[in-house]
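Below: one structure, written as structure tokens.
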Amino acid sequence: MALANLIDGAFVPARSGRSLPDYDPATGLQVATLPDSGAADIDAAVAAALRAQPSWAAVAIEERATFLERIADGLAAAASALARLETLDTGKPIDLSSTLDVPRAVRNFRFFAGQVRHDRTDAHHGSDSLNYTLRTPIGVVGLITPWNLPLYLLSWKVAPALAMGNCVVAKPSELTPLTAAALCEVVTAAGLPKGVFNLVHGTGPAAGEPLVAHPQVRAISFTGGTATGARVATTAAPLFKKLSLELGGKNPTLIFADADLPAAAAGAVRAAFLNQGQVCLCGSRILIERSVYEQVRDAIVTDTKALVVGDPMQQGTQLGALISPDHLAKVQGYLALARQEGGAILCGGDRPSLPPPLAGGAFLRPTVIDGLPPTCRTATEEIFGPVATVHPFATDQEAIEIANGVRYGLSASVWTSNLARAHRVSAAVHTGMVWVNTWLLRDLRVPFGGVKDSGLGREGGPHSLEFFSDTRNICIKL
Ligand code: NAD
């Protein structure tokens, strides 16, 4: 399979003629090639987007919303093929691709079609003036996405960007180009005018960076690692671009003794290991009140050992492969560090022995580590794999201090049956999002994003529409 860029309505290779390999992380086998694009490809995509932008901005909101719905229909019609592509590219279980990734991508387009139809702006009436806010498209926007939820996160940006009348140049992760390429087919079949949606494959340094640096790209919405986000911010800041940064996390799960303990243990396991622990929101630090520490820790270990690790294409598999051998090596490096730091591995930590062709895959058993101080590197750095540490706490104050003792501030999950405690702790943790007695329960209208090194800005519902538009105040003297 040779993938192509979508530029100005045409499927084209990289101008250099170069390509990159794309691998199935469950087998290590190559499944496709993608264009190894560079600045010339980005320039061509931005030029096409600039040409298309005035007429796209003039398309009535109702019609733009109808385009989004047509894209949603196209994705829904291809749902099972898309789920297989996502699993092939990422190594995630097919049950997850088909119940989370693909349905959510469809929903993102439908949701923003509805959101833009119901969007409204402010008016301020004074004794001598009437002010109203006009929302205008930004122009050409750049969208850069990671490999962990490829179609889900790409659609989360593309839908509101298009809804607000912008033209798009998207740069998906070079590790997971397959569903991005499929989205190009769906968008084309939906009849979107050429140049409105462009997608350029390639690496971060070669294709992502020229997109961020391009002076005519007026906004960048980036989801990825914190170090990359810092680089994107450094490049974009002197150009005064609008910037949305959804970055890493080291999220705490706080379990109080008054919680429904079996539900809390099960919730903590799900939060730690969904998608092989490769979700920015994963709860990789599990804090447990001391009076129930052993009981809850042991339930977590029992539930973790019961998780089925294996062939991602097989229904019933709960953990598939990590994204790549390089990433597996990074995660294993943290296991070595955890041992040095005095941690005891209670389960996992090793690789399952699977029959060919999976023998060469990037698999790792889900791992729970006890006995580490909450301030050590293993317990404070983002590992982004199936590794969770467990820590006891004595008081609410201590739990909050441990929760806040990292550079990240994306999300937290609090388990308690005490309503006052739920409110108090939720207000005291420094994160953009808190779940109480649940995790990853999503309402697409709410603000999504982090504080501290987890990022800048909010996505979701009206926040996405606001990010992907400029506002102009118009003052009329009465
Ligand atoms: P990454 O930062 O390596 O790459 C993300 C994207 O940025 C890719 O498309 C990559 O090609 C591109 N890129 C790399 N260098 C670039 C540069 N110099 N300029 C422009 N673009 C560049 O991240 P990843 O490894 O793909 O994803 C994992 C990370 O993403 C984790 O840290 C995870 O927490 C984070 N993440 C955050 C959220 C969130 O919503 N906060 C969601 C998913 C993932």
Would you list which aspartates and glutamates come within 16 Å of K241, measuring only between C-alpha atoms, while excluding same-chain residues fewer than 8 positions from it? E209, E466, D470
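Considering every pair of different Cα atoms, what Kirkwood radius, in Å, is found for segment 350-451?
This gives a value of 16.0 Å.
Does segment 161-226 come out rounded, prolate or oblate by the C-alpha gyration tensor, with a ≥ b ≥ c the root eigenvalues, rounded set by a/c under 1.5 and, if not, prolate when a/b is larger than b/c and oblate if not?
Working: a/c = 2.00, a/b = 1.24, b/c = 1.61.
Oblate is the answer for segment 161-226, as a/c is 1.5 or above yet b/c matches or exceeds a/b.
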Starting from the amide H of V436, placed 1.01 Å from N in the peptide plane, find each other amide H under 5 Å away whose residue is 5 or more places distant or on another chain. V414
At 0.890 mPa s and 25 °C, Stokes diffusion of segment 252-443 via Kirkwood alpha-carbon radius, µm² per second: 147 µm²/s
Of the chymotrypsin sites (Phe, Trp or Tyr not before Pro) in segment 179-241, those whose Cβ has at most 11 other Cβ within 10 Å and which sit in DSSP loop: F240
Rank by packing, highest mean first: peptides 182-188, 385-391, 406-412, 452-458, with packing defined as the count of other Cβ atoms within 10 Å averaged across residues. 385-391, 406-412, 452-458, 182-188
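What value, in deg cm²/dmol to 500, does the helix sum -39500 (n - 2.57) over DSSP H runs of n ≥ 4 give at 222 nm once divided by the residues of the chain?
Working: 15 runs with 179 residues, N = 478.
That comes out to -11500 deg cm²/dmol.
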Please compute the modelled spin-label separation between A123 and R442, points set 7 Å along Cα→Cβ, answer in nm with one decimal. 3.6 nm
Nearest 10 degrees, 0 to 90: helix 261-273 Cα axis against the chain principal axis: 50 degrees
Would you mind checking the tilt of helix 61-77 against the longest principal axis of the Cα atoms of the chain, expressed as 0 to 90 degrees and rounded to 10? 50 degrees
Return one number: the angle in degrees, 0 to 90 and rounded to the nearest 10, between the long axis of the Cα atoms of helix 293-305 and the longest principal axis of the Cα atoms of the chain. 60 degrees
Which aspartates and glutamates, on any chain, are close to K92 with Cα under 12 Å apart, when same-chain ones fewer than 8 places away are left out? D24, D101, D311
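Between rounded, prolate and oblate, where does the chain land on the alpha carbon gyration tensor, with a ≥ b ≥ c its root eigenvalues, rounded for a/c under 1.5, else prolate if a/b exceeds b/c? Don't skip to the answer; put the middle values down first.
On the way: a/c = 2.00, a/b = 1.33, b/c = 1.51.
The shape class here is oblate.
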Protection proxy (average C-beta count within 10 Å per residue), highest first, orders 150-159, 205-214 as 150-159, 205-214
Order these peptides, 351-364, 286-299, by their mean beta-carbon neighbour count within 10 angstrom, highest first. 286-299, 351-364
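How large is the charge dipole for the chain, taken about the Cα centre, if only the Cβ atoms of Lys, Arg (+1) and Asp, Glu (-1) carry charge, to the nearest 20 debye? Mind showing how you got there, number by number?
Details: 40 positive and 42 negative charges, 154 e Å.
Dipole magnitude for the chain comes out near 740 debye.
The numbers here are math on the coordinates, done by the rules we state, and not lab data. All figures in this text were calculated on a predicted structure; none of them were measured in a lab. Cβ: placed from backbone, ideal geometry, glycine included. Neighbour counts: every protein chain shown.
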